[in-house]
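The block underneath contains the structure these notes are about, expressed in C-alpha cells.
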Amino acid sequence: MNSITRNIAFLAILFLFGCTKDDFTWNVKKLPCLITFYNSSEDFFTQVSMAGMTNNTLGTGPNNFYKDKIIKVKKGQAYDLLVNFQTTSPAVGVYAYFDWNGDGDFLDSDESVLISSNINFTNVTKSITVPSNAVKGEYYARFIVRAGSTISSDPCFENDSYGEVEDYPLVIE
Ligand SMILES: [Ca+2]
Ligand SMILES: [Ca+2]
C-alpha cells in the first residue's frame, strides 16, 4: 500500500466507524446522583406544586421519581413553588434543586434553593425564576426533606436515613 492508498483507507474507516449523532453514547443523558432515605414516615413532603403541576403525597422512600408529574417551564419566567412538608425532627433542611443547564447535576449557579430550615415553617411559597440562559430540554428537578441537625445544600448528601426525596421531570422550553 502506498501512502495515498493508506490515507484513503484510513479516511474510509473513519467515515464508516467514527462518531456520529447515531453513536449510542451521544444519546445517553447524564443522570443526577441517586439519593435515598429509608425512613420517610416522619419527615416528608405532602405537597409540591409548580407551573401547573401539583403532587399530593405521603411519606414514601427510599427514592421517588414521579415521571408523569412534569414541571414544564419557560426560560426567563418566574413561577410560584408551593411546598408543604411535615417533620417530627428538632431540625430540618428542605431544599429544591433544578438542573437549569441540563448537565446532569444540581451544582451550577441558582440550581439549589433553600425552602426551609425551620421546623415551624412547613408551608412555603417561593418565587422561582428560570434563568434566561437555561438550556432547553428535559432534565430533572429534585426536592429533599432532610431531618437531623446536619443541614447541607449538597443535592447528593444523605446524613442518615430520615427524610424524603422527590424527583420530577423538568422540561425547559
Ligand atoms: Ca412525599
Ligand atoms: Ca446543572
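The values are calculated or read from the model by the stated rules, or taken from the named source; none is laboratory data. In this text, all values refer to a predicted model and were calculated from it rather than measured experimentally. Note: ideal-geometry Cβ built from the backbone for every residue, glycine included; neighbour counts use all protein chains shown. In case anyone asks, the SASA skips ligands and DNA or RNA and just uses the protein heavy atoms, side chains included. Shrake-Rupley method; radii C 1.70, N 1.55, O 1.52, S 1.80 Å.
Computed values, structure above
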| item | result |
| --- | --- |
| Residues of region 129-173 classified as modelled with pLDDT of 95 or more, among the charged types (D, E, K, R) and surrounded by 16 or more Cβ atoms within 10 Å (Cβ to Cβ), total | 4 |
| Hits in region 91-128 - residues which are in a loop (DSSP other than H, G, I, E, B), of a type in the set (A, V, I, L, M) and either touching a Phe, Trp or Tyr at 6+ places or on another chain (Cβ under 6 Å) or open to solvent by 50 Å² or more (accessible area, probe 1.4 Å) (or both) | 107, 119 |
| Close pairs from region 32-55: first outside any strand (DSSP E or B), partner within 16 Å of ligand 2 (Cβ to nearest atom) and basic (Lys, Arg), Cβ under 8 Å, at least 6 apart | 32/142; 35/142 |
| Subset of region 63-81 (residues that are more than 10 Å from ligand 1 (Cβ to nearest atom), part of a loop (DSSP other than H, G, I, E, B) and touching a strand residue (DSSP E or B) at 6+ places or on another chain (Cβ under 8 Å)) | 63, 67, 69, 70, 74, 75, 76, 77 |
